[in-house]
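Each value in this text was obtained by applying a stated rule to the coordinates, not by laboratory testing. This is a predicted model, so every value here is computed, not measured. FYI the Cβ positions are ideal-geometry reconstructions off the backbone, even for glycines, and counts take in every protein chain you see.
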Amino acid sequence: MMLRPEDIQLTEITDDENVLTGTVASTVFLGDRTRVMLRGVTNDAQVMVDCFERVEYQAGQVVTLSFDPSRLISLKK
């Protein structure tokens, strides 16, 4: 399963179900968006999120990831 980086939203920590948490590893400003790399979401990979909101994320900050389940893409072998 995969999601495109622009289909994931970052928020502060929440008690909502169906969300994941991660820690900001780094950020890169790309003009109309900020690309945020997260660690701790999966066991062995970083997660990339494209944020279009004007929010500054800091390395080490814990955030919540949410997404619309209908945006999940199944990768068939």
Using θ = phi - 60° and Karplus 6.51 cos²θ - 1.76 cosθ + 1.60, couplings along the stretch 71-77 (whole Hz; Gly, Pro as x): 8, 5, 10, 7, 9, 8, 7
Quotient of Cα Rg and 2.2 N^0.38 Å for the stretch 5-68, N being how many residues it contains: 1.01
Sequence ranges 35-43, 23-31, 1-9, 52-60, ranked by mean other-Cβ count within 10 angstrom, highest first: 35-43, 1-9, 23-31, 52-60
Cβ-based net charge around residue 6, under 15 Å, with every Lys or Arg adding one and every Asp or Glu removing one: -1
Where labels lie 7 Å past Cα in the beta-carbon direction, separation of residue 77 and residue 56 in nm: 4.6
